[in-house]
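*Asks:* Quick one: this structure, given as structure tokens, is what I'll be asking you about.
The values are calculated or read from the model by the stated rules, or taken from the named source; none is laboratory data. Remember, it's a predicted structure, so these values are computed and weren't measured experimentally. Cβ coordinates were reconstructed from backbone atoms using ideal geometry, including for glycine residues, and neighbour counts include every protein chain displayed. Surface areas here come from the heavy atoms of the whole protein model, side chains and all, with no ligands, DNA or RNA. Shrake-Rupley method; radii C 1.70, N 1.55, O 1.52, S 1.80 Å.
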Amino acid sequence: MNTAPAIEVRGLVKKYSNKTAVAGIDLTVEQGEIFALLGPNGAGKTTTVEILEGYRKANSGEIKVLGFDPATKGIAGQKWRNRIGIVLQSASDAADLSVIETVSHFANYYQNPKDVDQVINDVGLTEKIDSKVHQLSGGQRRRLDVALGIIGSPELLFLDEPTTGFDPEARRSFWDLIRTLKSEGTTILLTTHYLDEAQELADRVGVINNGQLIEIAPPSTLGGRNNAPAKVMWVENGVSKELLTSNPTEEVIKLNQHFNGQIPELQVLRPNLEEIYLKMIGEVK
Ligand code: ATP
């Protein structure tokens, strides 16, 4: 079995006239991995992803996606493209076709498409199967984008802000769908502004800021989150108390002895991914 990484990037640089959008990033995504790129608006996420998809050209760097440089389309060609699924940031054009016509049309481009009805069901559009695309709501259009990204049974799926406009229920069903794709062996690179999405789905996240990857780590250890001090909170004589500690267990035992049992309104909190992320990109001190 080929165990080469699905994506290998070394020293990727992209400039738009004077502006350096991507300032030399290194990135490896292993086969079967879900990797989330996080970063503020304008950080360079879409630029990076679209270079990997072959839609933009890098100024410099070594790039391999499923073993090929996406810029040399002549070599990679249609066969390479067939192995990749793409959900771009912008929504699909609202053609005068129905949902089923659109998905069936895209299925024809691929050698090994998934079942059209099944995919429409997987993205939660069965009720809208005969509706024209231009009659769909924003969130439903986004679901259609996801259907078109996965219809070709891709080995590698790029998702650029896939759940923007989804209601909470749709986001959760989308997460289930992504987990199913992962269990089938699909490699997934996604960008998102939703920290809970990264936390739920990603094996590793990369935080990009001003065109630089500032850290790559699993969500649970990003920014030293696992070793960050915990906040222990409780109530004593009607007054809220709190302390920061690197050993919350010890503090809870002490409090337990102090109260001789139940600690009123005890809470132990570690910084969540959002707090750590905002700190990393300099939004909070
Ligand atoms: P967002 O979260 O807002 O989608 P992003 O991280 O995807 O942001 P990019 O779209 O990659 O960011 O943009 C990175 C930088 O490059 C930004 O400063 C943006 O203005 C600039 N940029 C992107 N595309 C172009 C372009 N076609 N021409 C000129 N500048 C561009």
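*Asks:* Determine whether region 167-176 contains at least one residue that is more than 16 Å from the chain's Cα centre (by Cα) and open to solvent by less than 60 Å² (accessible area, probe 1.4 Å).
*Replies:* No.
*Asks:* Does residue 227 satisfy the criteria of being within 30 Å of residue 34 (Cα to Cα) and open to solvent by 70 Å² or more (accessible area, probe 1.4 Å)?
*Replies:* Taking the combined requirement at face value, the residue satisfies it.
*Asks:* Moving on to the next point. Which number in (1) of a type outside the set (Ser, Thr, Tyr); (2) farther than 26 Å from residue 21 by Cβ; (3) at pLDDT below 90 marks the one condition that residue 74 misses?
*Replies:* (2)
*Asks:* Evaluate region 102-124: report whether one residue or more is within 18 Å of residue 152 (Cα to Cα), among the charged types (D, E, K, R) and within 14 Å of the ligand (Cβ to nearest atom).
*Replies:* no
*Asks:* When you scan region 230-265, how many residues do you find that are among the aliphatic types (A, V, I, L, M), touching a residue at least 12 places away in the same chain (Cβ under 8 Å) and open to solvent by 70 Å² or more (accessible area, probe 1.4 Å)? Spell out the reasoning first.
*Replies:* Taking region 230-265 and keeping what is among the aliphatic types (A, V, I, L, M), we get 230, 232-233, 235, 239, 243-244, 252-253, 255, 263.
If we keep only those that are touching a residue at least 12 places away in the same chain (Cβ under 8 Å) as well, we get 230, 232-233, 235, 243-244, 252, 255, 263.
Subsequent filtering for residues that are open to solvent by 70 Å² or more (accessible area, probe 1.4 Å) retains 244.
Total satisfying the criteria: 1.
*Asks:* A further question on this structure: Name the single residue that is nearest to residue 192 (Cα to Cα) among those in region 266-285 being among the aliphatic types (A, V, I, L, M), touching a residue at least 60 places away in the same chain (Cβ under 8 Å) and in a helix (DSSP H, G or I).
*Replies:* The selected residue is 273.
Results for (1) within 14 Å of the ligand (Cβ to nearest atom); (2) among the small types (Gly, Ala, Ser); (3) more than 24 Å from residue 197 (Cα to Cα); (4) modelled with pLDDT under 95, shown as yes or no for each residue.
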{"site": "1", "(1), (2), (3), (4)": "no, no, yes, yes"}
{"site": "4", "(1), (2), (3), (4)": "no, yes, yes, yes"}
{"site": "14", "(1), (2), (3), (4)": "yes, no, yes, no"}
{"site": "17", "(1), (2), (3), (4)": "yes, yes, yes, yes"}
{"site": "26", "(1), (2), (3), (4)": "no, no, no, no"}
{"site": "30", "(1), (2), (3), (4)": "no, no, no, no"}
{"site": "41", "(1), (2), (3), (4)": "yes, no, no, yes"}
{"site": "50", "(1), (2), (3), (4)": "yes, no, no, yes"}
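*Asks:* Considering only residues that are open to solvent by less than 10 Å² (accessible area, probe 1.4 Å) and of a type outside the set (Ser, Thr, Tyr), look in region 155-166 and name the one that is farthest from the chain's Cα centre (by Cα). Let's see the steps before the verdict.
*Replies:* Start the filter on region 155-166 by keeping residues that are open to solvent by less than 10 Å² (accessible area, probe 1.4 Å), which leaves 156-160, 162-163.
Of the ones still in play, those that are also of a type outside the set (Ser, Thr, Tyr) are 156-160, 162.
Numbers: 156: 13, 157: 11, 158: 9, 159: 7, 160: 8, 162: 8 Å.
Out of the qualifying residues, it is 156.
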